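Right, one structure below, let's go through it.
The values are calculated or read from the model by the stated rules, or taken from the named source; none is laboratory data. Owing to the predicted nature of the structure, the values given are computational and were not obtained by experimental measurement. In this analysis, Cβ positions are derived from the backbone assuming ideal geometry, glycine residues included, and neighbour counts consider all displayed protein chains.
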Amino acid sequence: MLKKLQQILLMKTILEIPEPLYRQATERAVQIGQSVAEFTLGLLRRELAQPPATTPADASSRNTGLYTTTQQGFLVLKRSSDDHTVITHAQIDQMREELGV
C-alpha cells in the first residue's frame, strides 16, 4: 500500500546537468548497480538528511534589497502585497551572476 502511494506521489522534473558530471554519475551508478535515477535520488536523500550547509547568518549575508535566500538556497523575491513592480530579465540575470548560478 505504501509503495503504491509513493508511486502515485512521484514528481517528474528536468535538471540541466553538465555533460561531464552526468557521465561521472552514470559511471558511478553502473559501478554500484543502480540506474542514474536511483543514484541521483540517493544523493538527494543523503544531502537532505544533513543539516543545511549555510547557517542563517551566512544566508542573510546574501540578501539584497530585491531578494533573500532561504536556508535551502532558494531565491525569494521581496515584495509587499501592494507592490506591482515588474521584475525584468536583466534583474534576474543580475541575481544569477551574484550567486554564480
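Taking segment 68-94 as the range and being assigned to a loop (DSSP other than H, G, I, E, B), touching a strand residue (DSSP E or B) at 6+ places or on another chain (Cβ under 7 Å) and not hydrophobic (A, V, I, L, M, F, W, C) as the test, the residues that pass are THR70, LYS78. Restricting segment 54-101 to residues that are in contact with a Phe, Trp or Tyr (Cβ under 7 Å, 6 or more places away or on another chain) and modelled with pLDDT of 75 or more leaves a set whose member that is surrounded by the most Cβ atoms within 10 Å (Cβ to Cβ) is MET95.
Among the residues that make up segment 1-9, is at least one of them in a helix (DSSP H, G or I), outside the structural domain of ASP83 (by TED's automatic domain parsing), at pLDDT 90 or above and at negative phi? Checked against the condition, which is being in a helix (DSSP H, G or I), outside the structural domain of ASP83 (by TED's automatic domain parsing), at pLDDT 90 or above and at negative phi, segment 1-9 yields no hits at all. Of all residues in segment 23-52, exactly one satisfies the criterion of being over 19 Å from MET11 (Cα atoms) and among the hydroxyl-bearing types (Ser, Thr, Tyr), namely THR26.
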